[in-house]
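Any read-out appearing in this document is the output of simple, stated calculations on the displayed coordinates, not a laboratory observation. Computed from a prediction, not measured in an experiment: that's the story for all the values here. Heads up, the Cβs are rebuilt from the backbone with ideal geometry, glycines too, and the neighbour counts pull from every protein chain shown.
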Amino acid sequence: MKAKIVSWFAGGVLFGTAGLKILTSYEAKRVYAHCTAAVLRAKDEVVNTATAIQEGAQDIYADAKEINEERAEKIQTIEDAKAEAKA
């Protein structure tokens, strides 16, 4: 029973050491670099898309304010005309 535990422990240490060597190898680092580069490209695309959406939203907001100002002027003109008609 003790030999089985020791063999499992030794196997774990050996597997961990080999895994560490694989994870720190040149090829693995190249994979990490490529994955990181892909994430950075994706981040740039998300930022560009968010900027475009924000600019579009600002245009819509400005148009909406203009529409409301024109509408308020029309309503004020109608109310002024009604007030003059009553007087």
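Taking 0.36 nm per residue of separation and subtracting the current Cα-Cα distance, fully stretching the chain between K29 and D59 would add 6.3 nm.
Computed extension gain for K86 through I67, at 0.36 nm per residue and net of the alpha carbon distance, reaches 4.0 nm.
Helix 26-86 and the longest principal axis of the C-alpha atoms of the chain enclose an angle of approximately 10°.
For the chain, the alpha-carbon radius of gyration amounts to 2.89 times the rule-of-thumb value 2.2 N^0.38 Å expected for a compact globular protein.
Summarising the label geometry, the points placed 7 Å from Cα in the beta-carbon direction at V13 and V47 lie 4.8 nm from one another.
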